[in-house]
Structures are given as C-alpha cells and as structure tokens.
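The values are calculated or read from the model by the stated rules, or taken from the named source; none is laboratory data. These figures come from a predicted structure and were not determined experimentally. When we count neighbours, we look across all protein chains shown, and the Cβ atoms used for this are built from the backbone with ideal geometry, even at glycine. Side chains are part of the model used for accessible areas, which takes the heavy atoms of the whole protein and leaves out ligands, DNA and RNA. Shrake-Rupley method; radii C 1.70, N 1.55, O 1.52, S 1.80 Å.
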Amino acid sequence: PALHPDKRAEIPDPFPLDRAWDVLVPHILCYLPLQHLVSLQRVSKQFHNLIKVYLSNCRTFHLSPVSTSPCIPREAFCSMLKDNKVLQNLSLQNCSDWVSDKELLPVIGQNQHLQRVDMSGCACLTRHSLVAVSLSCMHLQHLGLAHCEWVDSLSLRSLADHCGGLQSIDLTACRQLKDDAICYLAKKCSNLRSLSLAVNANITDESVEEVAKNCRGLEQLDLTGCLRVRNQSIRTLAEYCPKLQSLKVNHCHNVTESSLDPLRKRNVVIDVEPPLQRALVLLQDVLGFAPFINLQI
C-alpha cells in the first residue's frame, strides 16, 4: 500500500557510505576480490569514491585469474593503483597478456615500502621493471620472477646490489642467467632462505656451491631440471646449510643417492625417491601388488 503523504517525512535518509567506512572495510571490502571491487565502483558515485579511497590505502594488491571473473583490464589497473603509495605486497602473477613496463613502472616508483613482489609469468615486462624494483624497493624480501625470460645478468646484479635483505627469490626458467649472476646474488644476498633455479641448463655446481657457502640459513632450494648440477655441489650444500628443509633435484641426472643420503638422514624433504623405493614402486606396477621384502637381511 502507498504511504500516507504525512508519513513520508518520517522515513530516514539512507545511511551515508562515508559513515559506514568502519563497517564496510573490515567486514566486507577486505574480503572481496579485486574484480568485484571494480564492479562495485559502478554502482554509484558514492561507491566509486569509497572504493577509490579504500584502494589508495591497500597494503596488498593481488592479481590472479579467477574462473568466474574476467581479468581486470589495463585501464582499471592503472586507475586502481594511481593514488596508492603504501603497498607492501604486489602480485601480478599470470597477467602476462597485458601488464607491461608502462603500467608497472609508475606503481613501483611511488611504492617504496614494497616487501613482496610477484611478477611470475609476466612475459610483457622487460629488465627495466626489475631494475626499477631494485632501485625503489630497498626493503624487498620476497620476489617472484618465474618464467620471466627477460631477466638478465645486469638486472639481477642491480637487484643484488640494492636489496641485500632479500629472503626468497624464484628464478625458475630465467634462462638468460648463468653462474656468474647467481654467484653474485649469493654473495650480496646472504639472508636467502628460499631459492629456485629450476629449469635452467646454464646452472652448474659453481652456482650451487656459492649459494651454499654464502647463504648458510638456506631452507629451500629448487634445482629441478638443472642438468649440469652434480654430486659435489650437493655434498657442499649438506656441509654448509644445516637449516636446509627441502631440496628438489628431479631430472638432475648427475645427482645420485651418494650425495642425497646424508640429507635424507637429516630429514630433508627430497622430491626424488631412494633407488630401492623406486624399484619397489616399479615392481608393484608390474606385479599388481606390493611384494614383501625383508630390508633387514
């Protein structure tokens, strides 16, 4: 039924959004993916301004593909981060179809407190982005560069020179890098706890030994597919890195059980099964059941 004319004045005005800040931010906005925040900006001018203020104060910006939502377009990315100068965590993973230096450099330049940056898979970037990160982000601790084949020795050296507090770096499939760059990184960034050099045929024992001798607190090392790594460097790793927890050497055909066994005895998690265990698995596949073998004989 229609309201009586005299009663309309008694209807309270909608609760102003600016007064709802303390409710929306901790209970709603912080749980919404960025794609939904972009959509929310289109609801009204009030919401547009509210989301703009919220984004300018975000400490974390995470871009990843969402199956039910389209990727944020280039224009929205630039608009959302235009006023943010307090970012600590920036993830651009898997946005390689459009993120370039043009969009990223302004963001890096005005966010000098970044501690974690993930550019993994961003093939459209160049070495200029990594140099910008090294010059602007002195407090950087974690860096993801997996499958960024544009990373070269000079840009990695710049990173090592300016970000000595780096704790983890993923250089998976950065195939331009050779031993000289990795050795330089190890000497400058001795606080490394996690390092991936996977899928790089240029890496040899020289890199692994330099990492082991300089990064004594190393906990995780990924050497998957490093075909030129041999037993000698793994033994050096066991000698110099007492805190090692995880080692990946799958497809390292020159690394054998003689160098891995001392690490297994320290309960280091290794992604390659011992030879006997592999033989039992193959035998089980052939026979269709697990045979009983007395290993104490």
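The table below lists the values:
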item	result
Using θ = phi - 60° and Karplus 6.51 cos²θ - 1.76 cosθ + 1.60, couplings along the range 43-54 (whole Hz; Gly, Pro as x)	5, 6, 5, 4, 5, 4, 5, 5, 5, 4, 5, 4
The range 177-284, accessible surface, carbon-and-sulfur percent (1.4 angstrom probe)	47 percent
Residues with amide H under 5 Å from that of ALA198, placed H, sequence gap 5 or more	LEU171, THR172, ALA173, THR224
Local net charge near SER129, Cβ-Cβ under 14 Å (Lys/Arg +1, Asp/Glu -1)	-3
Backbone HN-Hα couplings from phi across the range 81-89 [Karplus 6.51/-1.76/1.60, Hz, Gly and Pro as x]	9, 4, 9, 8, 10, 10, 4, 10, 10
Listed residue pairs exceeding 19 Å between alpha carbons, taken from LYS45/LYS85; LYS52/LYS85; LYS82/LYS102; LYS52/LYS82; LYS188/LYS213	LYS45/LYS85
Selection from TRP150, TYR184, HIS162 lying farthest towards where the dipole of the range 106-207 points positive, charges on Cβ	HIS162
For VAL229, residues with placed amide H under 5 Å, excluding near neighbours	none
